[in-house]
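Step one of this worksheet: look at the structure below.
The values are calculated or read from the model by the stated rules, or taken from the named source; none is laboratory data. Bear in mind the structure is a predicted one, so any value in this text is a computation, not a measurement. Using ideal geometry, Cβ is built from the backbone for each residue, glycine included, and neighbour counts are taken over all protein chains shown. Accessible surface is based on the protein model in full, side chains and every heavy atom, while ligands, DNA and RNA are left aside. Shrake-Rupley method; radii C 1.70, N 1.55, O 1.52, S 1.80 Å.
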Amino acid sequence: NYTLTPEGHHAKLTGLEGAKAPAINKTWLEVETQYLVIQLSETLQVGKIYWLYMEFQGELANDLRGFYRSEYFEDGVKKVVATTQMEPTDARKAFPCFDEPAMKAVFHMTLIHPSGTVALSNGMEMGKNQNVLQTKFKPTLKMSTYLVAFVVSEYSSIRTAAETDVLVRIWARRTAIEAGHGDYALSITGRILDFFQSYYNSKYPLPKSDQIALRDFDAGAMENWGLITYRETSLLYDPITSSNKDKEWVSTTIAHELAHMWFGNLVTMKWWNDLWLNEGFATYVSYLGVDDVQPTWNIKDLMVMTETHKAFAFDSNKFSHPLSLPEEEVKTPAQINALFNTITYSKGGAVLRMLSEFLSEPVFARGLSAYLKQFAYGNTVYTDLWGKLQEVRLSVNLPATISEIMNRWILQMGFPVVTIDTRTGNITQNHFLSDADSKPSRSSPYNYEWFVPISWMKNGTVMDRYWLLEKNGNDCSKLSEWVLANVNVSGFYRVNYDPQNWQRLLSQLSTDHSVIPVLSRAQIVDDAFNLAKANMINMSLALRTLSYLSEEREYLPWQSAIKHLNTFINRFRHTEVNTKMQKFLWSKVQPLFHYLKNITADWTEILSSHTNQYNQLNAISLACTAGVEDCLDLTKMWYRQWMKNPDKNPIKHSMRSTVYCNGIAAGGSEEWEFAWNLYKKSVDDAEAELLIYILSCTRKPELLNRYLNYMLDPNMVQKKHVNYVIRHVANNVVGQPLAWDFIRANWSNILKEQKHASFFTILYFTTKSFSTEVELKKVLVKCKVNINQWLEIYVNNR
Ligand code: BES
Ligand code: ZN
């Protein structure tokens, strides 16, 4: 809120250095665009300096936007943290400013705060005035408003040794710091910063990097230059209670935000329509950063599952959108916010990975370095990046310019399916849509054709890259050996083959699958099931890609298979084919289950491999789903041991959510009550989230209904967990109809009271397994949405 001047204006204007300021005629606020308009009696003069002054005040509300309030309890005392979240359009909510990424400025910050608190901001502190407790900060570098941050808290911190080049500090609640939960973050931050300094060949320009963990935080983390803010679970790692999945998330998040220090902070997109440059980039290189500090995790391969596959799912829908939208389509805060989505992050990351693959990593990095050097402290559009990469491309042989190749991937939505017919030597591309009968919702300047880099193998030998530049390429020869294209998913597309080649690939998988790289084995399964869903091959062929799984020990192919198997499991669990299906599942997973049981000495030792740890969870989940007594007894026994001695939990942390979920599913109300009581007492975020999840795993409707009812009472389920409850319950086969009935009965209550539960999330999760038109109509009528809005909701939540 602006304080009006005696003349009734929102601002005062003064001329400096001899300039004469025109009088203000009128000022007003434009609601839709969030502008303050100042109408002057004359125009301002170029080259003159003016001083625009305004006073304003605001409430420190707990609304997670702009300058806001966050609370927590420590030793029974309520503590308040005042903190900020400006991106994308809330700096204007904290102070008046030209709140656009291209309007970069130097910020001089001073905070006055209560004694006993510490103040942090982008710049380094420069001494305090103890009388009023005022902290003044070094001026920032030239930067965008969305990167401004300031926090006042009673936090403690740990820091790197004094002699290090860049001071790294981790800030959190005193008890969390004392318990050592910031240690892991501190141990990797400096190393990841070093990695990026050498990868980008560009020095980190600030003397310090603060990272702070906040209880109430909307996103996962935010890359404010010099003061990165995190949700607690994205920064703090407790070696005793966190899992290796949590450790991976902390590592990826830190790497992602540090990557922004260059890509985003030093060089910024001109406008939000190119947000993908920021976020897609940080997504891609975060995997390189994590790989550097955790080289045994195989994290670069995991990227294909977490990003590429996610992007494929979203982008095969006719309502998807291009990575880079025209500026006119991205104007209002709502339109800007909508861009923080799967396309921007995951497709952005996957497409940049493809670019780096065909240029080679060193050439790609050299281009980036040149780009960062030229545009430091400035703003760019994506063509600037293509330009720089084109300059350093050196000896890489390409069939067209980088911009001709890449524009096809970023200016049209979707991606191709490449079909290789070994009988004729024909190779073709088509826009891949998961619903084969649908038409894309917008037209494309390139007619939905791409320049496709095709890496391929013939009978186990890697061949030279082939570029498919038209709809049909016909310069290939007929082949009688097996052919595998898009080796290691180095391109952003799917592949289909003629039946004979599919058959040859299946034979190779069952005779010796190791000849085919592990990422490609995972991809064969994923492509086959998605092609089958789109009616391009038979589902029976897709199912046959699973035949060899009894020989498979690697995580990626199993993970790929399980995603698709789950669809079948959920659909057939309550039908007469369930027994047969369970038998099939057991025949496939049994060897893996026993292999892991053996190498962990009967599940007593921790696996050294990161991905094997994940696969252990797959094996246990699947074996329990298959109803195997061995597995059910095992999880029940583990759960009982935990109940007997809640403080001395025998289960390895990484296995807890899977084991307990299955333990609760196999158990009754006693098991459930035990977890519920722990939740009510929990103080730790990660533990509370784990309990919220496992409570949804029971198969008893009366418990699930009780759980749903608790959700409306903030004394039972904390507000920030409401979303998770409904979502987890709806993901349970027994819970799904209950969740839907529940939200229909409590519709107005949920909308009114549960501000933290997003309407769309609730809608999506409670109805995603609906498969008939009658069910769909019920949703549309109940929620007063039309079919197009509904599809948007559906696509955006995928
Ligand atoms: N710049 C974003 C934070 C953000 C997200 C601001 C949405 C405004 C709206 C940050 O770099 C980011 O991408 N954070 C991710 C986590 C990351 C590990 C993918 C997030 O918050 O989910
Ligand atoms: Zn980001």
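Give the long-range amide H neighbours of GLY378: residues separated by 5 or more places, or on another chain, with amide H under 5 Å away, using H modelled in the peptide plane at 1.01 Å from N.
HN-HN under 5 Å from GLY378: THR268.
Assuming a viscosity of 1.306 mPa s and a temperature of 10 °C, what translational diffusion coefficient in µm² per second does Stokes-Einstein assign to segment 306-363, Rh being the Kirkwood radius over Cα pairs?
126
With +1 on each Lys and Arg Cβ and -1 on each Asp and Glu Cβ, how big is the dipole of segment 647-735 about its Cα centre, in debye rounded to the nearest 20?
Roughly 160 debye for segment 647-735.
Quick one: ranking HIS653, HIS721 by accessible area, 1.4 Å probe, largest first, what do you get?
Highest to lowest solvent-accessible surface, that is HIS653, HIS721.
Find the Rg to Rh ratio for segment 387-506, where Rh is the Kirkwood radius over alpha-carbon pairs and Rg uses the same atoms.
0.98
Give me the one-decimal nm value for the distance between modelled label points at ASN649 and ASN131, 7 Å along each residue's Cα-to-Cβ direction.
A separation of 5.3 nm, rounded to one decimal place.
Whole-Hz Karplus ³J(HN,Hα) for segment 250-255, in order, using 6.51 cos²θ - 1.76 cosθ + 1.60 and θ = phi - 60°, x for Gly and Pro?
4, 5, 5, 5, 4, 4
Treating the Cα atoms of segment 217-291 as identical point scatterers in vacuum, please give the log10 of the normalised Debye intensity I(q)/I(0) at q = 0.23 Å⁻¹, two decimals.
Debye curve over Cα of segment 217-291, log10 I(q)/I(0) at q = 0.23 Å⁻¹: -1.05.
On a straight-distance basis, which aspartates and glutamates could pair with LYS20 in a cross-link, Cα separation under 12 angstrom, same-chain partners fewer than 8 positions away excluded?
Candidates past the 8-residue exclusion: GLU42.
In terms of the ratio Rg/(2.2 N^0.38 Å) built on C-alpha atoms, what value belongs to segment 214-358?
After normalising by residue count via 2.2 N^0.38 Å, the value is 1.07.
Between TYR595 and VAL683, take the C-beta separation as r, use R0 = 45 Å, and let me know the FRET efficiency to the nearest 0.05.
Rounded to the nearest 0.05, the efficiency is 0.70.
Quick one: compute a quarter of the convex hull surface over the Cα atoms of segment 271-322 and quote it in nm².
4.1
What translational diffusion coefficient, to the nearest whole µm²/s, does segment 66-107 have by Stokes-Einstein, given a Kirkwood radius computed over alpha-carbon pairs, a temperature of 20 °C and 1.002 mPa s viscosity?
177
At 1.4 Å probe radius, can you tell me the per residue accessible area of segment 576-669 in Å²? Walk me through the intermediate numbers first.
Numbers: 4340 Å² over 94 residues.
Dividing the accessible area of segment 576-669 by its residue count gives 46 Å².
Straight-line reach only, C-alpha to C-alpha below 15 angstrom: list the aspartates and glutamates that LYS588 could link to, leaving out same-chain residues fewer than 8 apart.
Answer for LYS588, where 15 Å is the Cα cut-off: GLU551, GLU552, GLU554, listed by chain and number.
Compute the whole-percent fraction of alpha carbon pairs in segment 346-396 spaced more than 12 Å apart. Don't skip to the answer; put the middle values down first.
Details: 809 of 1275 pairs.
More than 12 Å apart: 63 percent of the Cα pairs in segment 346-396.
Using 0.36 nm per residue, how much length does the chain from THR461 to ASP630 gain when fully extended, once their Cα-Cα distance is taken away?
My answer for the length gained is 56.6 nm.
For the pair ALA19 and VAL577, what calculated FRET efficiency results from E = 1/(1 + (r/R0)^6), where r is the Cβ-Cβ distance and R0 = 60 Å, to the nearest 0.05? Could you put the intermediate results ahead of the total?
Values: r = 83 Å, r/R0 = 1.38.
That gives a FRET efficiency of 0.15.
Provide the percentage of antiparallel DSSP beta bridges, counting only those with both residues in the chain; round to the nearest 5.
75
How about LYS300: which lysines have a C-alpha closer than 26 Å to its C-alpha, ignoring those fewer than 8 places off in the same chain?
The qualifying lysines are LYS203, LYS245, LYS247, LYS310, LYS347, LYS388, LYS458, LYS563, LYS652.
With a Förster radius of 41 Å, plug the Cβ-Cβ distance of ASN430 and ALA376 into 1/(1 + (r/R0)^6) and report the FRET value to the nearest 0.05.
Efficiency for this residue pair is about 0.45.
Non-local amide H neighbours of LEU214 (under 5 Å, H modeled in plane, Pro and chain starts lacking H): which ones?
TYR230, ARG231, GLU232
Along its three principal axes, how long is segment 1-68 when you only count alpha carbons? Whole Å, largest extent first please.
Dimensions of segment 1-68 along the principal axes of its Cα atoms: 44, 24, 22 Å.
In bins 10 Å wide, starting from 0, what share of all Cα pairs of segment 1-150 does each bin hold, as a percent?
10, 30, 36, 19, 5, 1, 0
At 1.4 Å probe size, with every protein chain present, just tell me what the per residue accessible area of segment 365-509 comes to in Å². All intermediate terms of the calculation are to be shown ahead of the outcome.
Working: 6240 Å² over 145 residues.
Per-residue accessible area for segment 365-509 comes out at 43 Å².
Could you give P(r) for segment 445-516, binned at 10 Å from zero, as whole percent values over all Cα-Cα pairs?
Spelled out bin by bin, segment 445-516 gives 17, 50, 27, 6, 1 percent.
Using helices alone, I'd like the mean residue ellipticity at 222 nm for the chain: each DSSP H run of four-plus residues gives -39500 (n - 2.57), total over residue count, nearest 500. Present the calculation step by step, with values, prior to reporting the outcome.
Values: 30 runs with 341 residues, N = 798.
For the chain, the value works out to -13000 deg cm²/dmol.
Whole angstrom only: what separates the Cα centroid of segment 644-670 from the Cα centroid of segment 1-32?
One Cα centre to the other: 64 Å.
With each pseudo-label sitting 7 Å past Cα toward Cβ, what's the VAL733-THR164 distance in nm, one decimal?
In this crude label model, VAL733 to THR164 measures out at 5.0 nm.
Quantify, in whole percent, the carbon and sulfur part of the accessible surface of the chain (1.4 Å probe; protein heavy atoms only). Please list the in-between numbers first.
Working: 17560 of 34720 Å².
Here it works out to 51 percent.
Using the Karplus curve 6.51 cos²θ - 1.76 cosθ + 1.60 with θ = phi - 60°, work out ³J(HN,Hα) for each residue of segment 444-461 in order, rounded to whole Hz, and write x for Gly and Pro.
10, x, 10, 6, 6, 10, 10, 8, 9, x, 10, 8, 8, 10, 10, 6, x, 9
Compare the Cα positions of PRO326, VAL577, ASN407 along the charge dipole of the chain (+1 at Cβ of Lys, Arg; -1 at Cβ of Asp, Glu; about the Cα centre) and return the one farthest towards the positive end.
After comparing all options, I get VAL577.
Run the numbers on segment 683-729 and let me know its relative contact order in percent, using alpha-carbon pairs under 8 Å that are six or more apart.
Averaging sequence separation for qualifying contacts and normalising by length gives 44 percent for segment 683-729.
Taking H as built 1.01 Å from N, whose amide H comes closer than 5 Å to the amide H of GLY180, not counting residues under 5 places away?
none
Starting from the Cα coordinates of segment 337-421, work out the convex hull volume and express it per residue in Å³.
Measuring per residue, one finds 122 Å³ for the Cα hull of segment 337-421.
Expressed as a whole percent, how much of the Cα-Cα distance distribution for the chain exceeds 33 Å?
More than 33 Å apart: 58 percent of the Cα pairs in the chain.
Using Cα pairs under 8 angstrom and six or more residues apart, how large is the relative contact order of segment 86-214, in percent?
22
Using a/c under 1.5 as the rounded threshold, could you call segment 113-184 rounded, prolate or oblate? The axes a ≥ b ≥ c are square roots of the C-alpha gyration tensor eigenvalues, and prolate needs a/b larger than b/c, oblate otherwise.
Oblate shape, in that a/c is at least 1.5 and b/c is the bigger or equal ratio.
How high is the relative contact order of the chain, given as a whole-number percent (alpha carbon pairs under 8 Å, six or more residues apart)?
Working: 1328 pairs, mean separation 53.2, N = 798.
Computed over the chain, the figure is 7 percent.
Any chance you could run the full-extension gain for ARG191 through VAL106? It's 0.36 nm times the residue separation minus the Cα-Cα distance, nm to one decimal.
27.8 nm
Residue by residue through segment 137-145, which ³J(HN,Hα) values in whole Hz follow from phi under the Karplus form 6.51 cos²θ - 1.76 cosθ + 1.60 (θ = phi - 60°), with glycine and proline marked x?
Per-residue couplings from phi come out as 10, 4, x, 6, 6, 5, 8, 7, 4 Hz.
So how many Å³ per residue does the convex hull of the Cα atoms of segment 312-470 work out to?
142
If you take the alpha carbon radius of gyration of segment 183-233 and divide it by 2.2 N^0.38 Å, what ratio comes out, to two decimals?
Normalised Rg, Cα atoms only: 1.22.
Tell me, Kirkwood radius of segment 678-747 from alpha-carbon pair distances, in Å?
12.0
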